[in-house]
Amino acid sequence: MEVIFMEFEKTKLIELKEKFDSIINTEEKENVEFWYARDLQTQLGYKRWENFIEVIKKAIQSCENAEIPKENHFREVTKMISLAKGAKRQVEDYMLTRYACYLIAQNGDAKKEEIAFAQTYFAVQTRKQEIIEDRIKLMNRLEAREKLKESEKQLSKNIYERGVDDLGFARICSKGDSALFGGLNTMQMKAKYGVKENRPLADFLPTLTIAAKNLANEMTNYNVTEKDMYGEESITDEHIDNNLSVRKMLNKRGIKPENLKPAEDLKKLERRVKSENKRMANNNKLPKRNK
């Protein structure tokens, strides 16, 4: 999955933020923010309610799976809409908390740029743009890391089928890193970044470097399959060449991967995200129904 916001223009970010800000409602008595599902449907790029309601159902299931009472975040309501010639009709709708909107975004069509933005917009407890931008950068890094894990998993599978064992896979990856990092292999980069031997180097790499490693992996995966390579030597040469190609591309832009500063431990970031999501679920609840 592409990291959508890497190329987001600032004007587009502001435009989306203003659209989502415009549909906020506030329950005055308890000062609780909420959104109506039919308003959210439009902003998330869904034209048909029949399609959007399926996303809502998945979000409700996610809420229940997390053992969080769905009634705190999803409330069925009805509203009147205007039709042609002044007619009106009653339709189904939902009142949604910020957490409910976040779950809907998590279960939506990730190809829609509105969905990717909404995942961040509803995750933060403030609508300040700079905080949203920071959160986007964090989510980009987490997403890039997941993509790298997938390409590494596929590379391991591909070369295992072609006569290379686990130790061979480790050697291939380390030599690929050496090509990417200007002669520094995996262990040497770990030492430079202060990473423990039992932790993956990628968990401490900045997003750009993670993306670079993933590109080299995908190139190797493609050529190993297309050229039907076999054995550690030929696959090692291929992986080195691909990492050198990626390094050359970065160098043309004045970027040397080994000189980039290490990033925060991704495990800590993941724990922080989970903690923030749990706090959001507990702190943002719909007001009780009037009896």
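The values are calculated or read from the model by the stated rules, or taken from the named source; none is laboratory data. Everything quoted here is computed from the prediction, not taken from an experiment. Cβ placement follows ideal geometry from the backbone for every residue including glycine, while neighbour counts extend to all protein chains displayed.
Quick notes on this structure:
- Residue within the stretch 235-244 that is at pLDDT 90 or above, assigned by TED's automatic domain parsing to the domain that holds D177 and more than 15 Å from I172 (Cβ to Cβ) present: no
- Qualifying residues in the stretch 242-267 (those that are farther than 27 Å from K196 by Cβ and in contact (Cβ under 8 Å) with a residue 24 or more places away in the chain) - the one surrounded by the most Cβ atoms within 10 Å (Cβ to Cβ): N242
- Residues located in the stretch 52-103, provided they are more than 26 Å from the chain's Cα centre (by Cα) and of a type in the set (V, I, T): V77, T78, I81, V91
- Here I56 qualifies as more than 18 Å from F117 (Cβ to Cβ), modelled with pLDDT of 95 or more and assigned by TED's automatic domain parsing to the domain that holds E15.
- Number of residues in the stretch 191-209 that are part of a helix (DSSP H, G or I), closer than 19 Å to N140 by Cβ and in contact (Cβ under 8 Å) with a residue 40 or more places away in the chain equals 6.
- Options R162, R145, R135: the member that is out of contact with any Gly (no Cβ under 6 Å at 6 or more places or on another chain), part of a helix (DSSP H, G or I) and touching a residue at least 60 places away in the same chain (Cβ under 8 Å): R145
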